[in-house]
Amino acid sequence: MGNAASTGPQVELIAYADRMGGTIPALMDLLDGPLAGVFGGIHLLPFFVPFDGADHGFDPIDHATVDPRLGSWEDVATLARRYAVTADLIVNHISAESIEFRDFLDRGAASPYATMFHFLSTVFPDGATEEDLLRIYRPRPGLPLTVVRLDDGSRRLAWTTFTARQIDLAVDDPRTAAYLERIASTFAAHGVSTVRLDAVGYAVKTPGTSCFMTPATLAFIGRMQRNLHRRGLRALVEVHAHHARQIQVAQVADLVYDFALPPLVLWMLARGDASPLRKWLALRPRNAVTVLDTHDGIGVVDVGPDDIEPATPGLLTADQISTLVEWIHANTHDASRRATGARAGNLDVYQVNTTFYDAVARNDTSYLTARAIQLFTPGIPQIYYVGLLAGENDLALMRRTGVGRDINRRFYDRSEVAVALARPVVQDLLALIRFRNRFPAFAGAWSLGERTDELTMRWEGSGTSAELRVDVVAGTFVVAVDDGTERSIVTSPADLERFVADK
């Protein structure tokens, strides 16, 4: 019955080195030790100098240097020799403490880096009207502008899409292009295989537009990807946007995220209604990374009406999204409400901050059903480290930092990982992951069943098949397995292990 062949894209882990193990070598020890055989790759969340800045590594001072508190480039290269490594290239901005921006503050127009950054006057050289400013799309309330004071006492309005400590880069400037190419070359030289283009949707500012996901943005993504290809790297585009924009990006990018999947799975569990999920499964691009949770919150903008063109409907209506968000808040006993929006320091307007396990009220059955759907959906599955361990909301960390997203960014030491891995819900998830990694059918053809009372996804290939059957109302699932010699209806994830056991 067993088949030891590795099949299809392998499941990958998303993790901060400092929050799961403490360092890059310690994280690899976990992958090689208690997690041996579970993951084929890892998205190593920002490990640059500093990894613990204003935006937890997404505001690099030195993007081409590994923070020595985490390890070295040799540690990254060692990791990459055993696992496919994804690293973040933060294309939209740089830290206000970077050498480049500090030199500009010191020397002004005489700085060789003076043209690397965007200001109100560089985006709108002829001035901006009120209408121009209100048209700009931003993930947080207010305008993307921060007053900065140069050492000579003069002031400028710097473009800051995210926080006041993250200065937006002028991506068409030759100095910026050289800066980004230097980082990409460093990645390639140390074994990184996939580059996540972080916040790329905001990278191109075009006067008179939303400055988000415009035709110029798509052209820039194409240029970035071609540059990465010349170094043997693959591009993963990170954009939270209306689902039609994700489909559009997928046509020009190696990989995109399926950010619509998490809220649609949650809607099914909340309302016993899989019709929006079924619609998306039929539409979605296949060159996708599937996630239920990441280092950010659970996106809702990805399934709602278009924020830029409100007449364009979403996969869920605005009222349905409100119902879903309130269901999540109730499941988390209002912790997610306290961690989201104006109540939290990050002020996200399009995400709900919570662990996925808490979003389903810590219900093991619902949680495993959601993970089974993720793992049977075409694409490259990535499991966030807190989700892997069925982690609960870290209210103490959120209170300590004042950052809402920290509710889903728990610090685990080795002993805490061991305790979490022993839990039955985590053991069942590991069994599902191993089955997804190694059963031959997942390298074959995928199909979506037509029944409305049941969500059915089937993989078939190499004389084998695996069919996920989800009871939409009950939120439970079984897997019908045919390995060429035995047919079985599996109700417990642990029982899937025998179909991939080494012989």
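Run residue 322 past the list (1) of a type in the set (Gly, Ala, Ser); (2) buried (at least 20 other Cβ atoms within 10 Å of the Cβ); (3) not in a loop (DSSP other than H, G, I, E, B) and report the number of the one that doesn't hold.
Among (1) of a type in the set (Gly, Ala, Ser); (2) buried (at least 20 other Cβ atoms within 10 Å of the Cβ); (3) not in a loop (DSSP other than H, G, I, E, B), the lone unmet condition for residue 322 is (2).
Could you list, ordered by first residue, the pairs with Cβ atoms under 6 Å in which the first is in the stretch 84-111 and more than 25 Å from residue 45 (Cα to Cα) and the second is charged (D, E, K, R) and part of a loop (DSSP other than H, G, I, E, B), at least 6 apart or interchain?
105/151; 106/151
May I ask you to list the residues in the stretch 106-152 that are of a type in the set (Gly, Ala, Ser), exposed (fewer than 13 other Cβ atoms within 10 Å of the Cβ) and part of a loop (DSSP other than H, G, I, E, B)?
Those that are of a type in the set (Gly, Ala, Ser), exposed (fewer than 13 other Cβ atoms within 10 Å of the Cβ) and part of a loop (DSSP other than H, G, I, E, B): 127, 142.
Out of the stretch 371-387, which residues are of a type in the set (A, V, I, L, M) and part of a loop (DSSP other than H, G, I, E, B)?
Correct list: empty.
Go through (1) over 27 Å from residue 28 (Cα atoms); (2) at pLDDT 95 or above and name the single condition residue 385 misses.
Going through the list (1) over 27 Å from residue 28 (Cα atoms); (2) at pLDDT 95 or above, residue 385 breaks only (1).
State the number of residues belonging to the stretch 433-449 that are surrounded by fewer than 17 Cβ atoms within 10 Å (Cβ to Cβ) and in contact with a Ser or Thr (Cβ under 8 Å, 6 or more places away or on another chain).
So the answer is 3.
Among 234, 286, which is surrounded by fewer than 16 Cβ atoms within 10 Å (Cβ to Cβ) and of a type outside the set (Gly, Ala, Ser)?
Answer to the selection: 286.
Would you say residue 103 is more than 20 Å from residue 198 (Cβ to Cβ), touching a Gly at 6+ places or on another chain (Cβ under 8 Å) and not in a strand (DSSP E or B)?
No, not satisfied.
Please work out if residue 49 is in contact with a helix residue (DSSP H, G or I) (Cβ under 7 Å, 6 or more places away or on another chain) and either of a type in the set (A, V, I, L, M, F, W, C) or not assigned by TED's automatic domain parsing to the domain that holds residue 155 (or both).
Here the answer is no, as residue 49 does not meet what is asked.
How many of the residues making up the stretch 441-467 are modelled with pLDDT under 95 and hydroxyl-bearing (Ser, Thr, Tyr)?
Residues flagged as modelled with pLDDT under 95 and hydroxyl-bearing (Ser, Thr, Tyr) within the stretch 441-467 amount to 2.
Looking only at the stretch 461-503, which residues are surrounded by 18 or more Cβ atoms within 10 Å (Cβ to Cβ) and among the hydroxyl-bearing types (Ser, Thr, Tyr)?
Across the stretch 461-503, the qualifying residues are 464, 465.
Looking at this structure, is residue 406 closer than 17 Å to residue 358 by Cα and either out of contact with any strand residue (DSSP E or B) (no Cβ under 8 Å at 6 or more places or on another chain) or buried (at least 23 other Cβ atoms within 10 Å of the Cβ) (or both)?
Yes, satisfied.
Here is a check on your reading of the model: is residue 105 hydrophobic (A, V, I, L, M, F, W, C) and within 23 Å of the chain's Cα centre (by Cα)?
No, not satisfied.
The values are calculated or read from the model by the stated rules, or taken from the named source; none is laboratory data. Nothing here was measured: the structure is a model prediction, and the numbers come from that model. All Cβ positions, even for glycine, are placed from backbone atoms using ideal geometry, and neighbour counts span all protein chains on display.
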